[in-house]
1. For the residue pair THR63 and VAL35, what label-to-label distance in nm results when each label sits 7 Å from Cα along the Cα-to-beta-carbon direction?
2. Candidates (i) 52, 21, 5; (ii) 17, 11, 10; (iii) 25, 11, 7; which is the computed semi-axes √(5λ) of the Cα gyration tensor in Å?
3. Relative to the present Cα-Cα distance, how much length would full extension add between LEU52 and ILE21 at 0.36 nm per residue of separation?
4. What angle, in degrees between 0 and 90 and rounded to the nearest 10, separates the Cα long axis of helix 3-19 from the longest principal axis of the Cα atoms of the chain?
5. Of PHE10, PHE61, how do they rank once you tally other Cβ atoms within 10 Å and put the fewest first?
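Every read-out reported here was derived from the displayed coordinates using simple, explicitly stated rules and does not represent laboratory data. Not measured: the values here are computed from a predicted model. All Cβ positions, glycine included, derive from the backbone under ideal geometry; neighbour counts span all protein chains shown.
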Amino acid sequence: MSAFEKIRTFLNEVKVETKKINWPKPQELKESTTVVIVAVFVITVFITLVDLALNNLLNLFITV
């Protein structure tokens with residue numbers, strides 16, 4: 001089997017597998033994106049608050 005035939009076979013298999021994918025509907029995609037953005041924001045705020053608290057606690061120990 002030549003390299004060209006191998007590439008052709010590979011691309012045909014990719015085409016077949018791509019048809020099996022369950023693509024999300026636009027509304028599902030928007031909802032999922034919103035959930036991800038909100039989750040990232042909440043986690044960012046939490047980590048920032050914990051960082052500030054630990055920084056202040058460490059400064060208390062250093063200055064004493």
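1. Going by the 7 Å Cα→Cβ label model, 4.4 nm.
2. Evaluating semi-axes √(5λ) of the Cα gyration tensor in Å on these atoms matches (i).
3. Full extension from LEU52 to ILE21 adds 6.7 nm.
4. 60
5. Ranked by crowding around the Cβ, least crowded first: PHE61, PHE10.
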